[in-house]
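Taken together, the values in this text are just the output of simple stated rules run on the coordinates, not laboratory data. As the structure is a prediction and not an experimental result, all values here were calculated from the model. Cβ sites come from the backbone with ideal geometry, for glycine too, and all protein chains shown count toward neighbours.
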Amino acid sequence: MQIIADLHIHSKYSRACSPGLVLEKIDETCRTKGVNLVGTGDFTHPLWFKEMKSKLVEMEKGLYIINGKRKNENEKNNLPFPLLSKEGTSATRFVCSAEISCIYSKGEKSRRLHVVILAPNLATVEKINLALGKIGNLKSDGRPILGLDAKELARMVLEIDEGCMIIPAHIWTPWFAMFGSKSGFDSIEECFEELTPKIFAIETGLSSDPQMNWRVKNLDSVSIISNSDAHSLPNIGREANIFKIDENELSYNKICEIIKNKDPKSFLKTIEFYPEEGMYHVDGHRLCNFSCSTAESKKIKNICPVCKKPLVIGVMNRVEELAENKRNENYIDKNRVPYKKLIELDKIIAEALQIKSRNSKQVQENYKNLIDVFENEFEILLNTPEKELKKITEPIITEGILRVRNGKVFIKPGFDGQYGEIKIFEETERKNYQSQLF
C-alpha cells in the first residue's frame, strides 16, 4: 500500500500560524488532501502536548489517530488504510514531531538553524520536553528558540531515545538553516561533527527541489525528504513523501527505516513545491523590488544596484556555491528517490478562473465539486484521467490540472521572503478556454 506523509507542520501555538491548526481540523484537511500520515508539529509546547495526550490514541506502534474516531478496540485491526470516506472513521495517522530553532555561536560565527525532531511515542516526547524545558522557555512559541548548539540538541534527544530522528529543516533557507547563506554551515560534518552518522535525512524546503540537492556531494549519504512546514490548513501537503509499506508492517519504526535506507522501491517519490515559487529561490531585495540570477549577482558583486547594500543570497546561489564541480544544474542521480512537482488544486482553480484568492467562494465551490467526486486532492492532481475531470469541472480547470501534472507552467522566481508568481495560462489561452463554455 502507498501512503503520503507530511512530517513537518505546525499547530496554532506557533508564531504566525493559523488558529485553525487544531488536531480535528488537521485530520479533516489531511483526508481532503489525501495525506495519510502527518506530523503533530510543536510537541514541545505544553498546551499542545496536553492536547496530544488527551486526544491521540496509538493505532500502530508509534502512530496515532484521534481518540473517539474508533468505536471500540475490536475495530483496531480492521480500520482501513489509507483514507476512508469523509463520513467514516478517521484513518489519518499522526506521528510526534516538532521543530526547534537553535541560535548559538560556533566557529566565530552566529548560527541560526531549524531542526525537525521525530519521536517514537508520547512517552519519549514527555522526556524530551522535560530536558529542553530546563534550557529554554517552551511556552513562548510552538517552535521554541533555544540557545543550544544543534549538535548538542541532537545528542540530548538521541540519548533520551535512539529511535528519534534529527532532520535539519529547509536546509537552504538564508536566515534559519543548516546551509543558509546568512548563518549556516558548509557541510553536515561542520554542523553535527561526530554525530553526523546519526543524521539520516535532510529537508529540501520550498525553495529547493531534490535535483538541486543532488548536486551537493556532501548530501550523498542522507535521504532527501520534503514536507510542507504548513502554517495554515490549506498548505498541508504542499510538499510530502510517498512510501510503499506492507499494511502489516505499518509503524513509526518502519517509516524511519524507509527514510534511512533511501530505497526507491519503498520510498517511491517526493511531492514538491515548484522551487521557483519559494520565497528565497533567487537573490534579491524585496524592498527594492530587485531580483536576479546567480550569474548576475556575481557580476554586480552581490550588491543591490538600487540601495547599494548586500543582496539576500538565495537558494540557487548557495547551491551553486556548495555544488560538486562535475554536477551542473542538469545533473541527475538515477539512484535517488524521484520527485513530482505540483501546485495545490485550489491555486490551479484560482489561476484558471483568474481569481486572486484561493479562498474565494467560486474557487472553493469548484474545489468541493471535484473532491466530492474523486475523494481527495492528490488523487485529482496525480491520477484522475482527463476524460473523468472534464465530466465534473470546466475545461480550463481540467487543462490547468493537466498542465501542472506535465510541468507546463511559467513562474517568476521568489526572492528575499517574497513568494514567486505562477502562471499556467497566457491571457489569450484563457479566453479560448472560456469560450468553450458557451
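Per-structure values
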item: Local net charge near SER266, Cβ-Cβ under 13 Å (Lys/Arg +1, Asp/Glu -1); result: +2
item: Charge dipole magnitude, Cβ of K and R +1, D and E -1 - the chain, Cα centre, debye nearest 20; result: 700
item: Charge tally in the Cβ shell below 12 Å around PHE290, where Lys, Arg are +1 and Asp, Glu are -1, PHE290 excluded; result: 0
item: Overall Cα dimensions of the chain - principal axes, largest extent first, Å; result: 68, 66, 40
item: Residues VAL116, VAL222 arranged by fewest to most Cβ contacts within 10 Å; result: VAL222, VAL116
item: Taking THR393, THR92 and counting other C-beta atoms within 10 Å, the order from fewest to most; result: THR393, THR92
item: Semi-axis lengths (Å, descending) of the ellipsoid that matches the C-alpha gyration tensor of the stretch 238-283; result: 29, 10, 9
item: GNM result for the chain, Cα springs below 10 Å: residue of ALA295, ALA323, ALA98 fluctuating most strongly; result: ALA295
item: LYS390-GLN362 FRET efficiency (beta carbon distance; Förster radius 22 Å; 0.05 resolution); result: 0.70
item: For the chain, calculated [θ]222 nm from helices alone, where every DSSP H run of n ≥ 4 adds -39500 (n - 2.57); result: -8500 deg cm²/dmol
item: The stretch 193-257 pair-distance distribution - Cα-Cα, 5 Å bins, rounded %; result: 3, 13, 20, 19, 21, 16, 7, 1
item: Charge-dipole axis of the chain as Lys and Arg at +1 and Asp and Glu at -1 on Cβ define it, positive-most pick from PRO395, ASN121, SER183; result: SER183
item: The stretch 90-149 and the stretch 288-303: distance between their alpha carbon centers, rounded to Å; result: 35
item: Mean projected area (nm²) of the alpha-carbon convex hull when the stretch 120-238 is viewed from all directions; result: 8.1
item: The stretch 355-425, Rg to Rh (Cα coordinates; Rh as Kirkwood inverse mean 1/r); result: 1.00
item: Most fluctuating residue given options ILE355, ILE167, ILE199, as computed from a GNM of the chain linking Cα atoms under 10 Å; result: ILE355
item: Separation in nanometres of the label points that stand 7 Å from Cα toward Cβ, at GLU108 and SER266; result: 4.5
